[in-house]
Amino acid sequence: LSGIAAENLEDGSGIASRTIASMEHGWKNGRDMLTAGDVLVIDEAGMVGTRQLERVLSHAAEAGAKVVLVGDPQQLQSIEAGAAFRSIHERHCGAEIGEVRRQREDWQRDATRDLATGRTGHAIHAYDRNEMVHIAETRELARGDLIDRWDRQRRAAPDSSRIILTHTNAEVRELNEAARDRMREAGDLGEDVRVMVERGERSFAAGDRVMFLQNERSLGVKNGTLGTIEQVSEQSMSVRTDDGRSISFDLKDYDRIDHGYAATIHKAQGMTVDRTHVMATPGMDAHGSYVALSRHRDGMDLHYGRDDFSSQDKLINTLSRDRAKDMATDYEQQVDPAQDYAERR
């Protein structure tokens, strides 16, 4: 569904990958049509809405192609209506993988299994026992603590990958600006250039972390691709992406870009980094928490303010909320066969 998930699927499996929207666009124009014998793998299938999945499955059935759905119904829910992947799995079953491989520490892998099975509190307690859960009096102070820790770890392990995650775009911008201030204080940024991008006016400099926000095949970037600015002017930008490519573009042609120190949790599904820093806010739920607390290989630090959550119990209650989407078939009345027979007579 998302560009970064498609990119990660291709990198991890060697299967040529693209978003469903891109594939459907090709089909409408008679390109890249499925044929008998093709195998279409849909990763992060739980994020695909019912109508979109129906279109893809119908096209595959008409072509005689096979579709493999891969995902976790407990992670982020589809933006569109329905929970087609969950419903298909419940009705027809499927193969399940119980082994967690992303985290390197055994106890962190156990915590991820807890998140996957709805035991969010167990996972948070495990990270708390290992001094990775941090409370401050206010969200503002918690944000400052998070940036302090992010900056210390950035300096100590400059070659490690990291991302700051939170729930809202507004909080992402606050965190991006705070992280950028630390980069400026450390002398790690070049001269600021003010440019107008899709989200408004921004300051960019050589050394800035950036995130691409829209797929663009000509540049080889996806929605969620991360990189570091090499050069920037009011008209153009050169970025070295995290996969080692150097790309240049005119901002009048492509302006869907923003700072990339922090991102929303929705941008992170399918992402893997060495370390994450998570800012918890009241809009989160069990699905977002599962994603946010399981993107890392080496460690995760969870921060929150007492003005948002007066205690760790309140934090756990919020981050454990089940907001799974439903299907009309979830409400099918279960009729007793004997009663049904009598009524039909």
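The values are calculated or read from the model by the stated rules, or taken from the named source; none is laboratory data. Note that the structure is predicted; figures quoted are calculated from it, not measured. Methodologically, a virtual Cβ is constructed for each residue, glycine included, from the backbone with ideal geometry; neighbour enumeration extends over all protein chains shown.
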Which of the helices (runs of 4 or more DSSP H) found entirely inside segment 77-188 contain at least 1 residues meeting this: at pLDDT 95 or above and more than 25 Å from Gly270 (Cβ to Cβ)?
120-129, 139-156, 169-185
Please specify each residue of segment 287-314 satisfying the condition of being within 26 Å of Leu226 (Cα to Cα) and more than 14 Å from the chain's Cα centre (by Cα).
Arg297, Asp298, Gly299, Met300, Asp301, Leu302, His303, Tyr304
Can you tell me which residue is nearest to Ile265 (Cα to Cα) among those in segment 286-304 that are in contact with an Asp or Glu (Cβ under 7 Å, 6 or more places away or on another chain) and either modelled with pLDDT of 95 or more or among the charged types (D, E, K, R) (or both)?
His296
So which of Arg202, Arg217 ends up being basic (Lys, Arg) and closer than 25 Å to Asp151 by Cβ?
Arg202
Going by what's in this entry, would Asp255 be described as touching a strand residue (DSSP E or B) at 6+ places or on another chain (Cβ under 8 Å), part of a loop (DSSP other than H, G, I, E, B) and acidic (Asp, Glu)?
yes
Take the conditions among the acidic types (Asp, Glu), part of a loop (DSSP other than H, G, I, E, B) and in contact (Cβ under 8 Å) with a residue 12 or more places away in the chain and apply them to Asp274. Does it pass?
no
